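Worksheet: one structure, shown below.
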Amino acid sequence: MDEKKKVKRDEVNAMGYHDREHTKNVRDWKEVFDYLVQNQTEIPASHEADDKELRTLTNQWPQYPTDFRETLEEYAREVEKLAYKLLELIFLSLGLPANKFNHCFKDQSSMVRLNYYPPCPFPHLALRVGKHKDAGAIIVLAQDDVGGLEVTRKSDGEWIPVKPTPDAYIINVGDIVQVWNNDKYESVEHRVVVNSEKERFSIPFFFFPAHHVMVKPVEELVHEKNSAKYREYNWGKFFANRNRSDFNKRNVENIQIYHFRISE
Ligand SMILES: O=C(O)CCC(=O)C(=O)O
Ligand SMILES: [Fe+2]
């Protein structure tokens, strides 16, 4: 049996290998291996608001290659340090204490994803990853030199390719940072377009807080001229809701932070 099939994810444990992800209910052209930064992590068992049950996710590691686990765990530890640093710089830039939100990541639900995008013979019919905004706090993305990542330009909504820069990460602000700072730094909409000839690898690190964290605009930033733009929401439930289409295509729209927007 393929080594990857032995660590295939299932309905109970979302970690490990899979090749059937959907973004906004459309199947993506890729294979994925997901692992948590904290080997065991609690998340809500369902997206239902009044269901308090938790589920423990555990990493699944293949036996081969033998140094796979050790290498990836070390990678996660190092990128986690960078993510904390970036978060601290964001808060400093807003005139707030650098470590203001570090406690939210004590029981973090952060994960790393290894993306393999095979060449796609039907480039007009598929996307490697459909358009979306990343839900977490910060995303540290490593990619190879193939390209395909695109972001929307705010002024006119055009898709702009992000040219790969050797040995550099792409840093994305996620929805949580956007809500914390009340829209000062916005999470960008992005997608990955297919390539009919070349395969592509990318490794995003998703910096996610603990499931119980309630996300809302930081009080110090909210005042008469800058009223809170979002109602408070629970991270774990948001994430569980977002992942509802992981296994099956659904007819529900994905949850987005604008669903928590306070109308002016
Ligand atoms: O592969 C990439 O460059 C980005 C993937 C992505 O946007 C995601 O997994 O959220
Ligand atoms: Fe993304």
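The values are calculated or read from the model by the stated rules, or taken from the named source; none is laboratory data. Everything quoted here is computed from the prediction, not taken from an experiment. We place every Cβ from the backbone using ideal geometry, glycine too, and count neighbours over all the protein chains shown. Only protein heavy atoms, including side chains, enter the accessible area calculation; ligands, DNA and RNA are left aside. Shrake-Rupley method; radii C 1.70, N 1.55, O 1.52, S 1.80 Å.
Rounded to the nearest Hz, the phi-derived 3J(HN,Hα) couplings of region 52-60 under the Karplus curve 6.51 cos²θ - 1.76 cosθ + 1.60 (θ = phi - 60°) are 8, 5, 10, 10, 9, 8, 10, 5, 10, where x marks glycine and proline. Charged side chains reduced to their Cβ positions (Lys and Arg at +1, Asp and Glu at -1) give the chain a dipole of some 460 debye around its Cα centre.
The equivalent ellipsoid of the chain has semi-axes of 29, 22, 19 Å, largest first, where each one is the square root of 5 times an eigenvalue of the Cα gyration tensor. For Asn254, no residue has an amide H sitting under 5 Å from its own, ignoring neighbours fewer than 5 places away on the same chain, with H placed 1.01 Å from N.
Across region 214-219, coupling constants 3J(HN,Hα) worked out from phi with the 6.51/-1.76/1.60 Karplus curve, θ = phi - 60°, read 9, 9, 7, x, 5, 4 Hz, and Gly and Pro carry x. Accessible surface for region 72-138, divided over its residues, is 46 Å² per residue with a 1.4 Å probe. When the solvent-accessible area of region 18-260 is split by element, carbon and sulfur atoms take up 52 percent of it, the probe being 1.4 Å.
GluC sites (Glu not before Pro) within region 10-110: which are DSSP loop residues with at most 14 other Cβ atoms inside 10 Å?
Of the GluC sites (Glu not before Pro), the ones in loops of region 10-110 whose Cβ has at most 14 other Cβ atoms within 10 Å are Glu11, Glu48, Glu53.
Comparing Ser155, Ser110, Ser202 in a Gaussian network model of the chain, where Cα atoms under 10 Å apart are tied by springs, the biggest mean-square fluctuation is seen for Ser155. Under a 5 Å amide H cut-off, with hydrogens placed 1.01 Å from N, Val215 pairs with Tyr233, Asn234, Trp235 among residues at least 5 apart or on other chains. Normalised by the number of residues in the chain, the mean separation of alpha-carbon contacts (under 8 Å, six or more apart) gives a relative contact order of 23 percent. Qualifying trypsin sites (Lys or Arg not before Pro) in region 153-207, where qualification requires a DSSP coil assignment and no more than 12 other C-beta atoms within 10 Å, comprise Arg153, Lys154. Each residue of region 163-172 is assigned a 3J(HN,Hα), and the resulting list reads 5, x, 10, x, 6, 10, 8, 9, 10, 10 Hz, derived from the Karplus form 6.51 cos²θ - 1.76 cosθ + 1.60 (θ = phi - 60°), x at Gly and Pro. At an R0 of 45 angstrom, the distance between the Cβ atoms of Asn99 and Lys4 translates into a FRET efficiency of 0.70.
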